[in-house]
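The values are calculated or read from the model by the stated rules, or taken from the named source; none is laboratory data. On a predicted model such as this, the values are computed, not experimentally measured, just so you know. All Cβ positions, glycine included, derive from the backbone under ideal geometry; neighbour counts span all protein chains shown. What goes into the accessible areas is simple: the full protein's heavy atoms, side chains included, and nothing from ligands, DNA or RNA. Shrake-Rupley method; radii C 1.70, N 1.55, O 1.52, S 1.80 Å.
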Amino acid sequence: SEISFRANLDRAIRPAKPELLIRQVAGNSDFPTNLGEPVWADERRTVAMYRAQGGYVLCFPDLADIFYERAGRQIVVNAAGPASAETLEHLLLDQALPRAISDLGRTVVHAGAVRINGRAALFLGESGAGKSTLVASLFRAGHALLSDDAVVLGERGDFQTALATYPSLRLWPSSLESVAAPAARIAPMAHYSTKRRLLL
């Protein structure tokens, strides 16, 4: 009947409740204070992670602070200084999002991934090992790209699954020239890096 059709249609198009909410704020009023010493920082101190009540804060000096609040399952981004939209996108997608997904109990690996003959092939390695260049070459050869950065592992019935946090390709200009088609859409990755993002 028309009534049941409309009810089914309404259910089909109604958005599901998101597992994570992402919002941007101006100022640190929504952020925890008195963070103390970082629990982790990279060698160059370009990112530091602090424990906070109800979650943690990622600090990118002079760029942004990102607070992950566990109870509300939300990521709160506060930009600072010269951070461009591309830079904020990079910090959110490549730094904050994989950590938040992991905090939800999922297994997230730092890997490049493509689909070959209906199966996911993952390539793990340290930053700079060439994962992105390898998956870009396989993508150029006709294999579907899943990710060049972070992959969520899971199970569905008897099968292992691999899901990209988002489909991405970020490459240095020399690598990009060798794998990108002439008409490819390319954008900056972040204002402080010469890496470029291949838009898919």
Inset, instruction - As a check on your grasp of the helix formula, calculate [θ] at 222 nm for the chain: sum -39500 (n - 2.57) over DSSP H runs of n ≥ 4, divide by the residue count, round to the nearest 500. - result: -6000 deg cm²/dmol
Inset, instruction - Quote the relative contact order of the chain in percent (integer), defining contacts as alpha-carbon pairs under 8 Å separated by 6+ residues. - result: 13
Inset, instruction - Any chance you could look up the accessible area of His191 with a 1.4 Å probe, heavy atoms only, rounded to 10 Å²? - result: 90
Legend entry - Charge dipole of segment 30-73 about the Cα centre (unit charges at C-beta), most positive-ward option of Gly36, Val47, Ala71: Ala71
Inset, instruction - At a 1.4 Å probe radius, which order do Arg119, Arg185 fall into by accessible area, largest first? - result: Arg119, Arg185
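Ratio of the chain's C-alpha Rg to 2.2 N^0.38 Å, to two decimals?
Working: Rg = 19.2 Å, N = 200, 2.2 N^0.38 = 16.5 Å.
Here the answer is 1.17, to two decimals.
Tell me, what is the Rg over Rh of segment 65-144, with Rh the Kirkwood radius over Cα pairs? Don't skip to the answer; put the middle values down first.
Values: Rg = 15.6 Å, Rh = 14.8 Å.
Result for segment 65-144 is an Rg/Rh of 1.06.
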Legend entry - Cα pair distances in segment 57-108, grouped into 5 Å bins until the bin that holds the longest one, percent each: 5, 21, 32, 22, 12, 6, 2
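Can you tell me the mean projection area, over all orientations, of the convex hull of segment 119-200's alpha carbons? Units nm², please. Walk me through the intermediate numbers first.
Working: hull surface 23.6 nm².
If you wrap the Cα atoms of segment 119-200 in a convex hull and average its projections, you get 5.9 nm².
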